[in-house]
1. Once you put a point 7 Å from the Cα of Glu176 and another 7 Å from the Cα of Lys245, both along the Cβ direction, what distance in nm separates them?
2. Helix-derived [θ] at 222 nm for the chain: sum -39500 (n - 2.57) over DSSP H runs of at least 4, divide by residue count, nearest 500?
3. Starting from the Cα gyration tensor of the range 289-330, take the square roots of the eigenvalues, sort them a ≥ b ≥ c, and report rounded, prolate or oblate (rounded when a/c is under 1.5, otherwise prolate if a/b is larger than b/c, else oblate).
4. Tell me which DSSP H helices of the chain clear both cut-offs, 30 Å or more of axial length from alpha-carbon atoms and a mean Kyte-Doolittle hydropathy of at least -1.0.
5. Going through the cross-link list Lys46/Lys347; Lys120/Lys141; Lys148/Lys312; Lys65/Lys156; Lys67/Lys298, which pairs have a Cα-Cα distance over 24 Å in this structure?
6. Among Ile234, Ser261, Leu170, whose Cα lies farthest out toward the positive end of the dipole of the range 149-266, if unit charges sit on the beta carbon of Lys, Arg (+1) and Asp, Glu (-1)?
7. Given the options Ser166, Ser251, Ser74, which has the most mean-square fluctuation in a GNM of the chain, springs set between C-alpha atoms less than 10 angstrom apart?
8. Report the trypsin sites (Lys or Arg not before Pro) located in the range 133-213 that are in a DSSP loop and have at most 16 other Cβ atoms inside 10 Å of their Cβ, or state none.
Amino acid sequence: MLEKALRLYTPSLSEKPMADFLADKCDDLGFEDIRTDEVGNLIATKGSGSPKILLCGHMDTVPGKIKVRKEGDSLYGRGASDAKAPLMAMLFAAASIEKNNGTVMFVGAVDEEGNATGIKNLVKNKLDIDYAIFGEPSGLKQVTIAYKGRIAINLKINVGNSTHASAPWLAKNAIEESIIFTNELKKSLEVGQENKKKGMLLTATVTEIKGGTSHNVTPKECDATMDIRIPVDINCKMVVEKIEKTVKEVSKKRDVEAFYSVLDETEPFEAPHNSPLVRAFTLGIMDIEHTRPMLIRKTGTGDMNVIGNLLKIPVVTYGPGDPHASHTIDEKVSIDEYLRGIEVLKKTLHHLKRLHDRTK
């Protein structure tokens, strides 16, 4: 089943073949109310009663085809790790839920690697759920309880004039000014973090720069994009205030016109460590892997930020696969780990029913 899923090429916003494939499988596995919503998310339910649990994985992958093949214990293909193995593991775990043992809402989401169109549409319709599990590669013995937030900004620099490249002293250079601005922003945002671990670092990274009109003319304008990742002890408002202050100060000092706009804003999120969901995962992993899992904070930003902050419910991210294999040119997953991941998720759902009933 995973191999078939990998043979479907589904970059962001081209997930329909995967949605159709999952709809057929959900039908075979006894799911009910199988449907595709207006943006292309596949949604199906299984079981009945409480607790109500969202199992959400994403159907899209980053672009780039990889030949699907088995080599030893490894299965190769685009999405093998991120995130078709976690998605399919959740499908089979959800299929094991029986009546009166809880209700699972299984979702194959679109555009997670893009602009999170799928999850944003999902939360528009009021979700009646007690817990949520998102499928991303974590390895079997790690449960992701926190993701950083993210702000992406566009910084537009205008120096008012351009000149021939043979007389660069006649005008300021927008690209060079842009480098000064982004360096100053990076410095002011990242200051005073010497003793912090990676999961708690605020990072500011230049990801795109566009400027210039000809090889022999100094640029009058330049656009830069910065990607800022925000740890759970800071919020987006604090970061935006610092950006605004720094841009104003540097603009005045350099006597250069500068404007910034926020392209994307997602608050950081950390799940409560002692929730029934985290305890159920601990027991499920101990059942299959015979060791206590490590609770980890990831440096990225995920769909769980959106649901966790909006619904204020316990949310974690988990799935078979090595996160370092994600987006690589030879993406793969261990077949054994994928199959054991299904068993961990089944056990976790079983424990969650019991722990939830006990807390009522």
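Please treat every number below as a calculation from the coordinates, not as lab data. Worth saying up front: this structure is predicted, and the values here are computed from it rather than measured. Because the Cβ atoms are built from the backbone with ideal geometry, glycine has one as well, and the counts that use them run over all protein chains shown.
1. Between Glu176 and Lys245, the simple spin-label model gives 3.0 nm.
2. -11000 deg cm²/dmol, from helical runs alone.
3. Here the range 289-330 falls in the oblate category.
4. 335-359
5. Numbers: Lys46/Lys347 16 Å; Lys120/Lys141 29 Å; Lys148/Lys312 16 Å; Lys65/Lys156 35 Å; Lys67/Lys298 29 Å.
The pairs that break the limit, which is 24 Å between Cα atoms, are Lys120/Lys141; Lys65/Lys156; Lys67/Lys298.
6. Towards the positive end, the residue furthest out is Ile234.
7. Greatest mean-square fluctuation among the candidates belongs to Ser166.
8. Filter output for the range 133-213: Lys141, Lys196, Lys197.
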